[in-house]
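K.L.:
Next up is a structure, given as structure tokens.
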Amino acid sequence: MCEDSEATSALAEGVISWFEKRGEIPLVPPFSVREYAPLIDEPDRFAGGYSTEGIWGVAFAAEYVDSRGWTSISTIRCLGVDTRHPASVAAFCHARERVGKFRVDRIISIRTLRSGRLLNSDEHVTLLAPYLPQEAPDPWLCNLVDVQNATRDGVYGLLQLAMLDGRLGEEPRQVIFGYVMEEAKLRGLEAPAPDLLALWIDNLSPPLDAVAISVARVLEDKDKFARLLPRLLDVARSTTGFPNPEESLRNLIAAVRAHFRTSPNDQPVSVRARS
């Protein structure tokens, strides 16, 4: 088992390293949000041991009150969840530039990462509930989580190219929407309502290690990667500031071909023609 994992890792290294060279997606505060931290910087302690299953990448601007009653506004990238009462998330805090603990019941308000729009209470639940266990979740929420689980890996790869400056532009955003809808249909899942899908995608900023893990998983499924690759090209060509796009994309395609030539029982991924 271990030898198989090492072989898969070696085969995927060329493609994964191409993504890693893009660097980590910057965690940028939303427009119109002015971050601030307490004068005495002693945030809630993070003791570790949280589950990171399924929560990597969610980010937003949070107004938070700590155990002393000090308030802050900071952009956070969720890294893990502790479901023991009182539920809390471990998150990288942009204002403090370190990982801290944020109790869910002390989050006063949440602003969307993309626009800074203040979310209502129902949207709070929608954004955070998929990562907390529920005995009888609503069917629409179950469907949303199923779509997230089915498409998260590909979405992370697309965001790695789309958010070079920490912002998600409208054109690459539509490419990502199209990818999610296509994958959901192929898997027989009901497409989420557009506002639910937007709430999820607009509040993602996955760390680099999560992107690398996701790309490795996509590479295990030749057909899935074949569907993702044209979307990657579309995003790269629609993103302002992508360095040397054509040369860089040629390197990606070469790495993909080398990977699938080497993989047993696989054929090279086909790429649709580009003008």
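Since every read-out is calculated from the coordinates, none of them should be taken as a lab result. All values derive from a computational prediction rather than experimental measurement. Cβ placement follows ideal geometry from the backbone for every residue including glycine, while neighbour counts extend to all protein chains displayed.
K.L.:
Rank by packing, highest mean first: peptides 99-105, 187-193, 243-249, with packing defined as the count of other Cβ atoms within 10 Å averaged across residues.
P.N.:
Values: 99-105: 17.4, 187-193: 14.4, 243-249: 12.4.
Per-residue mean Cβ counts within 10 Å order the peptides as 99-105, 187-193, 243-249.
K.L.:
Could I ask something else about it? Sort 112-119, 164-171, 151-158 by the packing proxy (mean of other Cβ within 10 Å over each peptide's residues), most packed first.
P.N.:
Working: 112-119: 17.9, 164-171: 15.9, 151-158: 24.5.
Per-residue mean Cβ counts within 10 Å order the peptides as 151-158, 112-119, 164-171.
K.L.:
Can you work out the FRET efficiency for the pair Arg34 and Ala191, with r the C-beta to C-beta distance and R0 = 30 Å, to the nearest 0.05? Mind dumping the intermediate values first?
P.N.:
Numbers: r = 36 Å, r/R0 = 1.21.
Working from the Cβ atoms, E equals 0.25.
K.L.:
So for each of 198-208, 85-95 I average, over its residues, the number of other beta carbons within 10 Å; can you give me the resulting order with the highest mean first?
P.N.:
Details: 198-208: 20.5, 85-95: 18.8.
Ranked from most to least packed, the peptides come out as 198-208, 85-95.
K.L.:
Now, a different point. In angstroms, what radius of gyration and Dmax does the range 101-161 have, counting Cα atoms only?
P.N.:
Rg and Dmax of the range 101-161, Cα atoms, are 13.5, 37 Å.
K.L.:
Give the shape of the range 58-126 as rounded, prolate or oblate, defined through the alpha-carbon gyration tensor: a ≥ b ≥ c are the square roots of its eigenvalues, a/c under 1.5 means rounded, and otherwise the shape is prolate if a/b is larger than b/c and oblate if not.
P.N.:
On the way: a/c = 1.31, a/b = 1.15, b/c = 1.14.
Note, shape of the range 58-126 comes out rounded.
K.L.:
Distances over 18 Å make up what percent of all Cα-Cα pairs in the range 186-238?
P.N.:
Details: 753 of 1378 pairs.
More than 18 Å apart: 55 percent of the Cα pairs in the range 186-238.
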